[in-house]
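For reference, the structure is listed below as structure tokens.
The values are calculated or read from the model by the stated rules, or taken from the named source; none is laboratory data. Note that the structure is predicted; figures quoted are calculated from it, not measured. Cβ sites come from the backbone with ideal geometry, for glycine too, and all protein chains shown count toward neighbours. Protein only, heavy atoms only, side chains kept; ligands, DNA and RNA dropped before computing areas. Shrake-Rupley method; radii C 1.70, N 1.55, O 1.52, S 1.80 Å.
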Amino acid sequence: GFKKKEANLLVIGLDNSGKTTIIDQLKPEDKRSRDVAPTVGFTVDRFKNNSLQFTAFDMSGQGRYRNLWEHYFKNCDGIIFVLDSSDKLRMAVAKDELDQALKHEDIMKRRIPILFFANKMDLRESMTSVRCSMVMELEKSIRDKPWHICSSNAKTGEGLHEGFEWLTDTLK
Ligand code: GTP
Ligand code: MG
């Protein structure tokens, strides 16, 4: 891994999947926001977690902003891809966005770790992380990068620690 104490994280995934809520939960308690609104464009956040200093580029997932993502591919050390595990209808759209990112030259050639959150695990209609990874065909699509998926509930923070621990270890 990288021998550095700073890491740029790119946080992507469809609108309403929970990206901003996840980033908010990773911050120290006194720095969290009370309400999370849909992101316009993107937001940059700096926080310390597990002795690493992170700069997170929390991108908007709305269709009209997704073209911004690729401008941040080059500069990122790790990707957090958030899935709404209850949104079965749009899983194909999420897969399409992932596949596009994976074949971008700034991603393709690099061994960037990708952490997936199968978020909104608290909803009754949500799919398990195993099911999400099957629908997204992660095993097949990501051959030359470390990746990991875990279920999460961004509202309570459940599952975030496990995922983030994996990411920090992989970045070290
Ligand atoms: P964009 O900025 O538009 O791309 O959306 P986003 O991915 O940042 O989603 P955001 O964090 O704004 O969350 C969207 C909605 O989902 C909010 O109302 C959150 O409170 C809710 N939400 C986020 N995570 C969870 C979760 O794990 N469970 C449930 N039930 N709701 C969640
Ligand atoms: Mg957001």
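Laid out as a table, the results:
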| quantity | calculated |
| --- | --- |
| Members of the stretch 15-52 found to be of a type outside the set (Val, Ile, Thr) and touching a helix residue (DSSP H, G or I) at 6+ places or on another chain (Cβ under 7 Å), listed by number | GLN25, LEU26, ARG32, SER33, GLY41, PHE42, ASP45, PHE47, ASN49, ASN50, LEU52 |
| Cβ pairs under 9 Å, 6+ apart, first in the stretch 137-152 and open to solvent by less than 30 Å² (accessible area, probe 1.4 Å) and at pLDDT 95 or above, second part of a loop (DSSP other than H, G, I, E, B) and of a type in the set (Gly, Ala, Ser) | CYS150/GLY159; SER152/GLY18; SER152/SER85; SER152/GLY159 |
| Any pair with Cβ under 6 angstrom, 6 or more apart, that starts in the stretch 1-20 at a residue that is surrounded by fewer than 21 Cβ atoms within 10 Å (Cβ to Cβ) and ends at one that is modelled with pLDDT of 95 or more and of a type in the set (Val, Ile, Thr) | ASN8/THR55 |
| Members of the stretch 25-54 found to be under 23 Å from SER86 (Cβ atoms), at pLDDT 95 or above and crowded, with 17+ Cβ neighbours inside 10 Å, listed by number | THR39 |
| Single residue of ASP122, ASP169 found to be surrounded by fewer than 22 Cβ atoms within 10 Å (Cβ to Cβ) and modelled with pLDDT under 95 | ASP169 |
| Only one of VAL93, VAL82 that is β-branched (Val, Ile, Thr) and over 19 Å from PHE164 (Cβ atoms) | VAL93 |
| Residue that is nearest to ligand 1 (Cβ to nearest atom), among those in the stretch 55-65 that are open to solvent by less than 40 Å² (accessible area, probe 1.4 Å) and not acidic (Asp, Glu) | GLY61 |
